[in-house]
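Every number here is computed from the coordinates shown, using simple stated rules; none is lab data. Quick caveat, the model's predicted, so the values are computed rather than measured. All Cβ positions, glycine included, derive from the backbone under ideal geometry; neighbour counts span all protein chains shown.
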Amino acid sequence: MGTHDGEGVVATAYEHNTGSYTETTSSAYSDKRTSKCRDPIFALLFVINVVGIIATASAYGKKAFDDDDDIQSTVDDFNTADIKAYVYMTLGCSGGAVVVTMAMFAIMMCIPQFLIKLAVFFNILCCAAIVFLAIITNQIVFAIIAGVILLISICWAFCVWSRIPFATANLVTACKAVLDNCSVILLSYIFVLISVGFTGVFAVAFSGVYEDKKNCSSSNCSNGMNGGIYALFILSYFFYQEVIKNTIHVIIGGTVGTWWFLPEEGKGCCSSGVLGSMKRALTTSFGSICFGSLLVAIIQTLKQLARNAREQGGSMALLACIAECILGCLESLLQYFNKWAFIYVGLYGFSYLESGKKVIELFKARGWDTIIADELISMALTMLSVLCGLISGAFGLFLEDQTSWFDDIDNSQLISMLIGLIVGLVLCMILMSTIASSVNAVIGKFQSSFFFYLRIF
């Protein structure tokens, strides 16, 4: 990184083996992202899933609101002034959180290497704080376990310290790509709103079917929904949520690829790079997104069923606990694998299986470099999200003190702080997830193409 020590270094296409710049034409890169539809059967399954949930909500939705006594009593507990107070506080905290989030982005662009180093120390301090709390509360066994984790964290920091400049270069490059194509941030927020909207539709459908299948007698009611219907509902919900999350991930990956090779198309608020990437993600590559998302959704559904069996107790509780643990590990591994596979889907338009092969090749060639850089950057982004949430929580307290919105509400300070904390965390984490996807695309592009970082901005 030269004398710049990783600060302000941005990636460029550089042939690492020959030492000469490579000319990548529009046709050369576009040819890699073919117009052929990949894995279309899984896109069809997703469409059937969405249509099925909407149809179920339409058919059974009225039953979800038939027993409206509880709903009415809940509404009666809130008067109009209370509702307005919560709305005003949420909007006020949202405005403050947006300002703080943008400030965090600017700080990250100015001192990226310092933030990554600070995140490493922050991780160690958090572990040390847990050890201290365990000791003063006389939780000796927990203190020993936390102490071992603290020692591991310290050793890990020493081992990865020399990799921080490389992680810094990836982070700065990813931020520059997002800044040049800022509409991907707006798309991230839009996709989150779509996800929330579908959650509402799903809740209506599920509640309606539950009420329809409920068996009631003169004394009580019992759940009449069989396990098969319940499992299908859970699978449907997880499937949709995974598709939404992975679609924006693919869009960002494709946008970064265009920005990297075709800068004339990859700059601007609504650049052709963003629009083209979104078009491919929602058409030719959508089947691949649904393929990988369905695999994760199946594991998540099985884990949820195992958790339900464990909570019910009985002779199978221990086996259900073991199954839940194993499925949780499989879910984490597949989630991490998909994060990189979908980058290749976005960059080159590969099918899901083809992208999986590329990910395996990537980790065989440069596995630890990739994992360490990704982990270091993730720690920095998480730290900034937490900091943004805390500042927004403090801003909520400020609004509570300076306004009369919560004068008639009990525990107003606690509620205001929690609203600010949650709003700040959510808004900042959406932005940081956008940057994280961009980082994955930069790392994937660099590692798979043997490009290095030479241009200074």
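Label sites at Ile149 and Asp408, each approximated as a point 7 angstrom past Cα along Cα to Cβ, lie 4.5 nm apart.
Taken one residue at a time, the phi angles of the stretch 171-184 give Karplus couplings (6.51, -1.76, 1.60, θ = phi - 60°) of 5, 5, 4, 5, 5, 5, 5, 5, 5, 6, 10, 5, 5, 5 Hz. Gly and Pro are set to x.
The lysines whose alpha-carbon is closer than 26 Å to the alpha-carbon of Lys213, local same-chain residues fewer than 8 away aside, are Lys62, Lys63, Lys303. For the stretch 252-336, the fraction of C-alpha pairs farther apart than 15 angstrom is 67 percent. If R0 is 30 Å, the Cβ-Cβ spacing of Leu44 and Thr199 corresponds to a FRET efficiency of close to 0.85.
Among 275-284, 399-408, sorting by the average number of other beta carbon atoms lying within 10 angstrom of each residue, highest first, gives 275-284, 399-408. Simple point charges give the picture: +1 on the Cβ of Lys and Arg, -1 on the Cβ of Asp and Glu, and for the stretch 253-387 a dipole about the Cα centre of about 180 debye.
Run down the lysines and flag those whose C-alpha is under 19 Å from the C-alpha of Lys339, throwing out any fewer than 8 positions away in its chain. Candidates past the 8-residue exclusion: Lys245, Lys357, Lys358, Lys364, Lys445. Highest mean packing first, where packing is the average number of other Cβ atoms within 10 Å per residue, the peptides 345-356, 115-126, 155-166 line up as 345-356, 115-126, 155-166.
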